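In what follows, a single structure is set out as structure tokens and then discussed.
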Amino acid sequence: MLVVVHEPDSSLDLDGVRAFVRVVDLASFTRAAESLGTTQAAISLRVKRLEERLAVRLLDRTPRHVAPTVRGARFLASARTLLEAHARALADLADAPPPRLTLGISEHVAGPALPDRLARLGLDGTGVVPEVTILPSR
């Protein structure tokens, strides 16, 4: 006897997750839309639907400021991991290795803000693998 348990759909829309991450990284719906090649209204709708799906407000919005809520900040790391796993899964099926972005910078330029600066490149979910070489300043 086969018993089928129907669970409510708990999947996340990857485009919504990608939009959320990009809005946080760029601190702007407009800049996120530009980087994803779409409109501000489309990004806003994707984030709104994601928030509805999760039943959680992820972003605090004012006309001049966008920032993750406490729960949004907690979700951000998982959202990044999801997008990276998705990109890896697609790359595993491809015949070619994933594209790489190689950066070489001096240690005095790298500093503690380097991870934030790399995040602002908007590589999440693109399949591009960033490689950073940091060498001593001379």
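For the reader, a short list of remarks on this structure follows.
- Amide H contacts for Leu101 (H built 1.01 Å from N in the peptide plane; partners 5 or more residues away or on another chain; cut-off under 5 Å): Val129, Glu131.
- Considering only Asp15, Asp95, Asp124, the Gaussian network model of the chain with Cα springs below 10 Å gives its largest mean-square fluctuation to Asp95.
- As a rough footprinting exposure proxy, the listed residues Arg53, Arg88 were ranked by other beta carbons within 10 Å of their own, and the order from fewest upward is Arg88, Arg53.
- Here the relative contact order of the chain, from alpha carbon pairs under 8 Å that lie six or more residues apart, stands at 22 percent.
- Springs join every pair of Cα atoms under 10 Å in this Gaussian network model of the chain, and among Arg46, Arg57, Arg117 the largest mean-square fluctuation is at Arg117.
- Taking each DSSP H run with n ≥ 4 as -39500 (n - 2.57) and averaging over every residue of the chain yields -15500 deg cm²/dmol at 222 nm.
- Just checking the listed ones, Ala32, Ala73, Ala110: in the Gaussian network model of the chain with Cα springs under 10 Å, the one fluctuating most is Ala110.
- For the chain, DSSP calls about 35 percent of its internal beta bridges antiparallel.
- Only Lys, Arg (+1) and Asp, Glu (-1) charged, at Cβ; segment 14-135 dipole about Cα centre in debye: 560 debye
- Alpha-carbon centroids, segment 54-111 and segment 37-53: separation in whole Å: 16 Å
- Note that segment 23-38 has calculated 3J(HN,Hα) couplings of 4, 5, 4, 9, 6, 6, 5, 5, 5, 4, 4, 4, 5, 9, x, 9 Hz, one per residue in order, obtained from phi through the Karplus relation 6.51 cos²θ - 1.76 cosθ + 1.60 (θ = phi - 60°); glycine and proline are x.
- Surface/4 of the Cα convex hull for the chain, nm²: 12.3 nm²
- For the pair Thr126 and Thr62, a Förster radius of 35 Å applied to the C-beta separation gives a FRET efficiency near 0.75, rounded to the nearest 0.05.
Readers should treat all values here as calculations from the given coordinates under stated rules, not as data from a laboratory. Computed from a predicted structure; not experimentally measured. Methodologically, a virtual Cβ is constructed for each residue, glycine included, from the backbone with ideal geometry; neighbour enumeration extends over all protein chains shown.
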